Structures are given as C-alpha cells and as structure tokens.
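The structure under discussion appears below in the form of structure tokens.
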Amino acid sequence: AEQAEKYYLQSIETLEIDFGDEHPDLATAYYNLGRLKWQEDKLEDADGLLRRALSIAAALRQHRTMGQIYNVLAKVQETLAPDEAYRTYEKAISLLSRQYGKHHAELARTHLNLSRYYLLEEAPDKARTELGEALASLLPEEEVKNWQYMPRADALSLDPVLLIQIL
C-alpha cells in the first residue's frame, strides 16, 4: 500500500507539473489514491481525494470516470455520511443513465452497490428492486422483469463477472 501511495502521489505531481489541474489521467490518479485510502479505512482522506477526482472529471466531462468516482465516494459516505450515500448513488445512476442509456456496466455496478447498502440498512424490498435494475442494465437483449430473473446461459452480458456477482 505504501508503494502504491508513493506511485500515485508521484503521478499526481508529474501530471500537475506537465498538464496543470485538468487532465484525464489526473482524475484517474486521484480516484485510484482515493480508492486506496478507502481500502485502508482512511475515510476522511479518501473523501477529499475522491472529491478532487470528481471535480477534475466533471470539468473534463469524463462521465464514466465520474460514475466510478461516485460509486467509491458513496461507499465512503456509507460510513461518514449515510444519508448522503443514497444521494451519491442516485447521482451516479442519473449521470450514467443520461449519458449511456439503460445498459451500461458501471450503471449495473451502481445499482448493485446501492442494493447492498439497502440490505445493510434493512430495506430488503428496495435492495431487490436495485438488483433487478442491475440485471436489466447488464442484459441488453433480455426482458428483465424483477430481481429473480435468471438469464439463459448464452445471454449477452455487458460484464460477465459483474453478472455473476449480481446473481
């Protein structure tokens, strides 16, 4: 973890010197460092880094990256600011749906994360609804009606690994 942090900090420094405050790789470096801090349970640090990544990604209109950042930021907020986590997941869902439509792997991941959070908050009906949305997002050629849907073995999935996690 220390090596990774050192690498990300060097990367951030180099990118800021070479390109200033707005470069796609800079958003990614802040995001990766924020994820690392989240995994180390340094939530305040993670929050600040992810918000910095989000501001850069938003300025550059990196919608997929913004969705990824929102997902991890909401995970951080689940502990730091639980009510805010719901809003952050909803921001990700709104953004990704507007930009990519109903079928996108990051959108499915957001629905899955929100479903897990609803389970933690003891709201199983909402969790099931989000699981159904996650399935529908990953299976563009299927008629997913609810969370109990079981796709055919040969069904087209935008992300087979994520589909396994959802199922």
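The values are calculated or read from the model by the stated rules, or taken from the named source; none is laboratory data. These numbers come from a predicted model, not from an experiment. Here Cβ is always computed from backbone atoms with ideal geometry, including for glycine, and neighbour counts include all displayed protein chains. Remember, those area values only see protein heavy atoms, side chains included, never the ligands or the DNA or RNA. Shrake-Rupley method; radii C 1.70, N 1.55, O 1.52, S 1.80 Å.
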Mind telling me which of the residues Ala85, Ala134, Ala127 ends up being under 19 Å from Gln39 (Cβ atoms), free of Cβ contacts under 8 Å to residues at least 40 places away in the same chain, surrounded by 16 or more Cβ atoms within 10 Å (Cβ to Cβ) and touching a helix residue (DSSP H, G or I) at 6+ places or on another chain (Cβ under 7 Å)?
Ala85
Quick one: what pairs do we get from the range 56-68, first residue over 18 Å from Glu16 (Cα atoms), second surrounded by fewer than 17 Cβ atoms within 10 Å (Cβ to Cβ) and hydroxyl-bearing (Ser, Thr, Tyr), C-beta under 8 Å, 6+ apart or different chains?
His63/Tyr100; Arg64/Tyr100
If a residue has to be farther than 18 Å from Leu54 by Cα and either loosely packed, with under 11 Cβ neighbours inside 10 Å or not β-branched (Val, Ile, Thr) (or both) to count, how many in the range 1-25 make the cut?
10
Which residue pairs have Cβ atoms closer than 7 Å, lie 6 or more positions apart in sequence or on different chains, and pair a first residue in the range 23-41 that is basic (Lys, Arg) with a second residue that is in a helix (DSSP H, G or I)?
Arg35/Val72; Lys37/Asp45; Lys37/Ala46; Lys37/Leu49
Can you pull out the residues in the range 52-74 that are β-branched (Val, Ile, Thr), out of contact with any Gly (no Cβ under 7 Å at 6 or more places or on another chain) and either farther than 21 Å from Gln39 by Cβ or surrounded by 21 or more Cβ atoms within 10 Å (Cβ to Cβ) (or both)?
Ile56, Ile69
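Given the condition more than 23 Å from Gln165 (Cβ to Cβ) and either over 15 Å from the mean Cα position of the chain (by Cα) or among the aromatic types (Phe, Trp, Tyr) (or both), answer yes or no: does some residue in the range 60-69 qualify?
Within the range 60-69, one or more residues are more than 23 Å from Gln165 (Cβ to Cβ) and either over 15 Å from the mean Cα position of the chain (by Cα) or among the aromatic types (Phe, Trp, Tyr) (or both).
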Of everything in the range 88-121, what is aromatic (Phe, Trp, Tyr) and open to solvent by 20 Å² or more (accessible area, probe 1.4 Å)? Give them in sequence order.
Tyr100, Tyr118
Would you point out the residue of the range 39-51, among those that are more than 19 Å from Glu106 (Cα to Cα) and part of a helix (DSSP H, G or I), that is least open to solvent (accessible area, probe 1.4 Å)?
Ala46
